């Protein structure tokens, strides 16, 4: 797949939001286990969104 700067920017924004959210959870006093689950859910959701987005783009190009 060709390198797409839009994908890189999207991933960067998602990671930034994810890290800020994790930091806020820690400041609110949540345990590391909850923060880890939060990060895992974020990663899974982001991955699914990227895969579905890529599939939709490929369908439009055909």
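Bear in mind these aren't lab numbers, they're just calculated from the coordinates by the rules spelled out. This is a predicted model, so every value here is computed, not measured. Here the Cβ is made from the backbone with ideal geometry for all residues, glycine too, and neighbour counts use every protein chain on show.
Scanning segment 1-23 for residues that are surrounded by fewer than 12 Cβ atoms within 10 Å (Cβ to Cβ) and part of a helix (DSSP H, G or I) yields a count of 9.
Remark: pairs (first residue in segment 9-36, closer than 17 Å to residue 49 by Cβ; second residue surrounded by 14 or more Cβ atoms within 10 Å (Cβ to Cβ); Cβ separation under 6 Å; 6+ apart in sequence or on different chains) = 14/46; 18/42. Residues in segment 37-56 that are within 22 Å of residue 5 (Cα to Cα) and either free of Cβ contacts under 8 Å to residues at least 24 places away in the same chain or touching a strand residue (DSSP E or B) at 6+ places or on another chain (Cβ under 8 Å) (or both): 44, 45, 47, 48, 49, 51, 52, 53, 55, 56. The criterion of being surrounded by 10 or more Cβ atoms within 10 Å (Cβ to Cβ) and either touching a helix residue (DSSP H, G or I) at 6+ places or on another chain (Cβ under 6 Å) or on the phi > 0 side of the Ramachandran plot (or both) holds for residue 35.
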